[in-house]
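The values are calculated or read from the model by the stated rules, or taken from the named source; none is laboratory data. Here the structure is a predicted model, which means the values were calculated and not measured. Here Cβ is always computed from backbone atoms with ideal geometry, including for glycine, and neighbour counts include all displayed protein chains. We work out accessible area using only protein heavy atoms, side chains counted, and drop any ligands, DNA or RNA first. Shrake-Rupley method; radii C 1.70, N 1.55, O 1.52, S 1.80 Å.
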Amino acid sequence: MPMLPVPSQSQLARLAKQAARDAGFDLAGIAPLNAEYPELEYFARWVEAGRAGEMEYLKARDGEGRLRRASLASVMPWARSVVVCAINYNSDAPYSTAPAAENCAWISRYAWGPADYHEILLARLRRVEDVLRSAATAEGLEFQSRCYVDTGPVVERVLARYAGVGWIGKNTCIIDQRLGSWLFLGVILTSLELTPDLPAPDRCGSCTRCIEACPTGAIPAPYELDATRCISYLTIEKRGAIPEELRAGMGRHLFGCDICQDVCPWNRRAPAGPLAEFQPRTELVNPSLEWLASLDAEQFRRMFRRTAVRRTKFSGLRRNLAVAMGNSGSPRLRPHLEALAADPDPVVAEHARWALQRLEATAAASP
């Protein structure tokens, strides 16, 4: 493939970022794929240390045994640049750290909308991809590309940092100084040589609020995440039994966790996103534990069939629900837990029995 002259590289980079804005993305930047990123070396060590837990897709390797996500050049040798796009999904609804009734659960902010963000972002990435393809064709250039939203052999947050979209915070989330960390990321890998942007500077400073606020100790040190202790991992990715020593720290989180983002000073004034697809359904903001316990499998399917919550499956929802009810301290939830304790799913039943014991212990400790 012929090398593009520098003006064409710059023009195509500007075209890509304008196309991203036209497609509804709030942020966009370009990162080179011929650079060595030290964060990818850390990612490999992180996987080897077992901190990815049961997330097998993060451990996928190429034919020579290298982690695919840490060795993109071997997986897609034709790729020269990546366009990183971000959409703000914040809303005006309260944070998980705001007071809520004891009989309410928490579903992560990103899962409140009526549809799965993967589909929404991918459709918009395709529009940017089409613009680049048309421009490359007009220049007589070869063009290859791939669009990914959490599904490709890439570590999006690393590429986002080097594309200038945001810095990697101490909680390992991408943070933009204007929009905060409520960002969905999507990437377009392309064979085009595009002028890259400058990496985003780290603006976390001496702040450690995210580390201090994590109730399960999932951030053992700045810029490190132990996924096996993270509430998001435990409620979404973890199959089977949740380690008993972590259950109390999960609080009433049913799906995902926003604590480390809710306490971040950069999110204090983060604006709400404008897209209708990410506006929260009111019934999912601090939802009633009793209402959730009343759902059967078909009702669960209808309520969450196009949303991220479906990933936890009905059995996972009931397991998480048992833990949340046990941590609520509310005796009115006892009948629901007793029903779950007789559930034919042994994992659900065991978590419900643990929750009943926790309710009893809470009641005994009350004055």
Requested in this report: Among the candidates R209, R203, R229, single out the residue that is in contact with a Leu (Cβ under 7 Å, 6 or more places away or on another chain), at pLDDT 95 or above and charged (D, E, K, R).
Outcome: R229
Report summary line: Among (1) free of Cβ contacts under 8 Å to residues at least 60 places away in the same chain; (2) surrounded by 22 or more Cβ atoms within 10 Å (Cβ to Cβ), Y162 falls short only on (1)
Query raised in the report: How about the stretch 259-318: which of its residues are among the basic types (K, R) and open to solvent by 70 Å² or more (accessible area, probe 1.4 Å)?
Result: R268, R269, R301, R302, R305, R306, R310, R311, K313
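A quick yes/no check of all residues on (1) surrounded by fewer than 21 Cβ atoms within 10 Å (Cβ to Cβ); (2) assigned to a loop (DSSP other than H, G, I, E, B):
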site	(1), (2)
P199	yes, yes
C204	yes, yes
C207	yes, yes
P215	yes, yes
E224	yes, yes
A241	yes, yes
R247	no, no
L254	no, no
C257	no, yes
Query raised in the report: Scanning the stretch 83-104 for residues that are part of a loop (DSSP other than H, G, I, E, B) and among the polar types (S, T, N, Q), which turns out nearest to the chain's Cα centre (by Cα)?
Result: N90
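So that you can scan it fast, the table gives a plain yes or no per residue for (1) outside any loop (DSSP other than H, G, I, E, B); (2) in contact with a Ser or Thr (Cβ under 6 Å, 6 or more places away or on another chain); (3) open to solvent by less than 30 Å² (accessible area, probe 1.4 Å):
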residue	(1), (2), (3)
L12	yes, no, yes
A16	yes, no, yes
A19	yes, no, yes
E36	no, no, no
Y42	yes, no, no
Y57	yes, no, no
G65	no, no, no
S74	yes, no, no
Query raised in the report: When the stretch 1-40 is examined, which residues are found to be over 16 Å from I87 (Cβ atoms), charged (D, E, K, R) and either touching a helix residue (DSSP H, G or I) at 6+ places or on another chain (Cβ under 7 Å) or modelled with pLDDT of 95 or more (or both)?
Result: R14, E39
Query raised in the report: Which one is nearest to the chain's Cα centre (by Cα) among residues in the stretch 44-54 that are assigned to a loop (DSSP other than H, G, I, E, B) and within 24 Å of I175 (Cα to Cα)?
Result: A52
Query raised in the report: So which of S108, S134, S91 is out of contact with any strand residue (DSSP E or B) (no Cβ under 9 Å at 6 or more places or on another chain) and closer than 22 Å to L179 by Cα?
Result: S91
Query raised in the report: Do we have S315 as of a type in the set (S, T, Y) and under 25 Å from Y233 (Cβ atoms) here?
Result: yes
Requested in this report: Can you tell me which residue among C204, C214, C210 is more than 30 Å from E350 (Cβ to Cβ) and touching a Cys at 6+ places or on another chain (Cβ under 8 Å)?
Outcome: C210
Report task. Quick one: S232 ticks every box in (1) free of Cβ contacts under 8 Å to residues at least 40 places away in the same chain; (2) open to solvent by less than 40 Å² (accessible area, probe 1.4 Å); (3) closer than 24 Å to A324 by Cα except a single one, so which number is it? Result -> (1)
Query raised in the report: Of the residues T282, T312, which single one is touching a residue at least 12 places away in the same chain (Cβ under 8 Å), within 25 Å of Y117 (Cβ to Cβ) and among the polar types (S, T, N, Q)?
Result: T312
Query - Qualifying helices (runs of 4 or more DSSP H) (wholly inside the stretch 288-367; at least 3 residues being of a type in the set (A, V, I, L, M) and under 29 Å from the mean Cα position of the chain (by Cα)) - result: 289-294, 313-328, 346-365
Requested in this report: Please enumerate the residues belonging to the stretch 306-331 that are at pLDDT below 95 and within 17 Å of R109 (Cα to Cα).
Outcome: R306, T307, A308, V309, R310, R311, T312
Query - Filter result (open to solvent by less than 10 Å² (accessible area, probe 1.4 Å) and of a type in the set (F, W, Y)) within the stretch 107-157 - result: W112
Query raised in the report: Could we say that G53 is among the small types (G, A, S) and open to solvent by 60 Å² or more (accessible area, probe 1.4 Å) here?
Result: no
Query raised in the report: For the stretch 232-259, what are the residues that are touching an Asp or Glu at 6+ places or on another chain (Cβ under 9 Å) and closer than 21 Å to S330 by Cβ?
Result: R252
Requested in this report: Would you tally the residues in the stretch 141-171 being within 22 Å of R66 (Cβ to Cβ) and either among the basic types (K, R) or part of a loop (DSSP other than H, G, I, E, B) (or both)?
Outcome: 10
